Amino acid sequence: MQNTKGIDPVGGTMTATTDRPGSVTGTQDYQSFSRASVPEACIPAVREEFILWLGTKGIETPDSPKPVGGGSSKASVELLQDGNHELLLCRLIEETKTGRFTTEIYTSSEGWINISVRSSSGQFVSVPRIAKALMRRLDLFDASLQLIDEPKVWDVDKVGDLVKLLEDSDRHGLVFVAGSRKEEQALFDPFVNVLPKWAREVYGLAQTIALTPEATLELGSRVGHYGVGPWNLRTYFPGVDHESPVDSVRHRYLKTDRLGRQHPAKVSKFLGQAARKHAATRAEPLELLHARRAFTRAATRRLIDGIEQSKSVALPAAVTDEAPPSVVKSPVPHTREPDVVSPKTENVDKPPTTSTPQPDPALTDIQSQLDLVRIVLGIQNLNEQSIRDAASKLTSASEALNDEAAELIETQLVQIEQLEDDARQRADVLVDMEFEQAEYQEDIQKHQSEIRWLREKLREADDHASANDLAPVDEDWQRPESCREVLENLDPASAVVFTGSYDHADYVDNRDQLGRAAFNLIHVCWALDRYARLKLAGSFTGTVDDYLRNHQDGRASIGADKHAMSESKVTMDRWGNERMFKVPRNVAPEGSVAMKAHFRLTRAGMGSARMHYFDDVQGSGKVYIGYVGAHLTNTQSN
């Protein structure tokens, strides 16, 4: 893919992208993932709407995994029991003049739906009618945002919800936000009225929200340059970090001048391509990954069962008569005159001698075929036992090959799943490394600017020696070798206390050969200790996040971009028990508390290192670190 424009300093300009000829398709396909407010309604609704949809295409109703239909269209429906839940897969394959279109709808009794429509020729896939039908029938959500087939208009009272929505990393689709301005109030209604035309190709993939002039200003006051300008349209990817100057370049603009020049159909296609590219490149939801593998294994099992059934085909039952097996007499004509023995009788004339009979061509042909059978089977006599022995040998060889094929299929299926998991993890690691590199570049630039400014101030104060000399080496600084070393050597007088397991920290150390996690951990401990002391002294009243953003001093050097005050609601609802860690019983009678606040010690996909803590400065005067280890389970976990 290649961009046709550059990036501005506070959010790139949205640019069109095209697939290179011969490249892997997918960025033009439609793929939507959502959750229903009533989980048990998903499977019945999807099945009914799918059947209705097939009816509009003149395709009969399928009732099994075996495809039905005729000519260029084939459909199938498969219901699968997966533990305590049911899974449904509806599939339609249509052959057209422009290529094959494959529609797959996965849904679960747990309450999620995934709709995908793929084009074999890489064509742009419009929003399918069944997607709109399901959005109208069910209350479908992407994170906290309800998916509907029309844009929303939000005022000031919804800005708080919008900020939370933009920051939510569990969101799958994009959010397009349109700004406005009070000075051109007359433009607001026409601007809102054209939004449905612009957004017609993003339904199910993204949501479009128009802000009133007051809401546009309020969003800007809350998120700074992450806001949207008047009469502009801005794309927000999941997990917006409006405190990071690096993250802003991900969220692109479609500016007023371009919106005004383009036909609505072209803007619609452009936004649709952006939404489809994001859907194609975002990691597959874990629920969908599990369901897809369950159906693949079910199909594999049907194939293996078919192989097993072919082995059970037996020869007819053996002759049960007590007499020995009869020999199959070959109908071979004699080549000499047969011996004729006449009974001794009286007054009977001897019949006249006849000429030698000629071989029957039909019998000769049969004899040749029987000789061929004996050669192929490797037997001498064509009797029942010899034929059964030969068939048994062939059956044994066939069974061995079938067993080998079944085992090979199972083994390769496991290998494919492992490779998919590895590819998914490596993709996450690459994205995290790129983002971390951008953060370091931003930090370096900020520190260099600060150094230049300080040196200039020293020159103005006539301290030219200090302004031009190299900074002295910090003799007290020694890079820690491991997270365990940092935790074991916490000062007993420190306000920071470790209550967790060293085994989890060892896991991080074994994977982090360069000691990046330990480097960041010691700075986190210094920052938390300084925060607690200032708060106990009454000279600071804010949160840890406030301290990291505005009041850091002393030895600590850890950015607020590496800190999160909480976890998402979805994560806590599903995996909150993983975030329960030990504290003294004078802090919590149960001996444990939920530690939602955490620091990101390294970025490496799901192999990233995390530190979870509990701020009890207002109570016991301590900050308790309950966990240092690998990334805990969330919606992106494998």
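Of all residues in the stretch 78-101, those satisfying the criterion of being under 20 Å from residue 297 (Cα atoms) and open to solvent by 10 Å² or more (accessible area, probe 1.4 Å) are 78, 79, 80, 81, 82, 83, 84, 85, 86, 91. Screening the candidates 221, 248 for the property of being closer than 17 Å to residue 166 by Cβ, open to solvent by 20 Å² or more (accessible area, probe 1.4 Å) and in a helix (DSSP H, G or I) yields one hit, 221.
What do you reckon, is residue 547 within 25 Å of residue 240 (Cβ to Cβ) and part of a helix (DSSP H, G or I)? It is true that residue 547 is within 25 Å of residue 240 (Cβ to Cβ) and part of a helix (DSSP H, G or I).
Residue-wise test of (1) in contact with a helix residue (DSSP H, G or I) (Cβ under 8 Å, 6 or more places away or on another chain); (2) without any contact (Cβ under 8 Å) to a residue 60 or more places away in the chain; (3) part of a loop (DSSP other than H, G, I, E, B); (4) surrounded by 12 or more Cβ atoms within 10 Å (Cβ to Cβ).
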| site | (1), (2), (3), (4) |
| --- | --- |
| 153 | yes, yes, no, yes |
| 165 | no, yes, no, yes |
| 169 | no, no, yes, yes |
| 185 | yes, yes, no, no |
| 188 | yes, yes, no, yes |
| 192 | no, yes, no, yes |
| 195 | no, yes, no, yes |
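Only residues that are in a strand (DSSP E or B) and surrounded by fewer than 18 Cβ atoms within 10 Å (Cβ to Cβ) were counted in the stretch 119-151, giving 2. Taken over the stretch 259-288, the residue count meeting the criterion of being assigned to a helix (DSSP H, G or I) and free of Cβ contacts under 8 Å to residues at least 12 places away in the same chain is 3. Just one of the listed residues (472, 492, 480) is surrounded by fewer than 10 Cβ atoms within 10 Å (Cβ to Cβ) and modelled with pLDDT of 80 or more, and it is 492. Among the residues of the stretch 478-523, just one is touching a strand residue (DSSP E or B) at 6+ places or on another chain (Cβ under 7 Å), part of a helix (DSSP H, G or I) and among the hydroxyl-bearing types (Ser, Thr, Tyr), namely 507.
Per the conditions (1) closer than 30 Å to residue 87 by Cβ; (2) in a helix (DSSP H, G or I), the sole criterion not satisfied by residue 239 is (2). Of the listed requirements (1) open to solvent by less than 60 Å² (accessible area, probe 1.4 Å); (2) in contact with a Leu (Cβ under 9 Å, 6 or more places away or on another chain), residue 60 misses just one: (1).
Filtered by the rule that a residue be open to solvent by 80 Å² or more (accessible area, probe 1.4 Å), assigned to a helix (DSSP H, G or I) and at pLDDT 75 or above, the stretch 373-395 gives 375, 385. Identification of strands (runs of 3 or more DSSP E) wholly contained in the stretch 1-109 with 2 or more residues that are modelled with pLDDT of 90 or more, of a type in the set (Val, Ile, Thr) and out of contact with any Phe, Trp or Tyr (no Cβ under 9 Å at 6 or more places or on another chain) yields 99-108.
Residue check: residue 446 meets all listed conditions (1) within 38 Å of the chain's Cα centre (by Cα); (2) touching a residue at least 40 places away in the same chain (Cβ under 8 Å); (3) open to solvent by 60 Å² or more (accessible area, probe 1.4 Å) but one, namely (2).
The values are calculated or read from the model by the stated rules, or taken from the named source; none is laboratory data. Being a predicted model, the structure only gives us computed values, none of them experimental. As a convention, Cβ positions derive from the backbone with ideal geometry for all residues, glycine included, and neighbour counts pool all protein chains shown. SASA here: full protein model, heavy atoms, side chains in, ligands and nucleic acids out. Shrake-Rupley method; radii C 1.70, N 1.55, O 1.52, S 1.80 Å.
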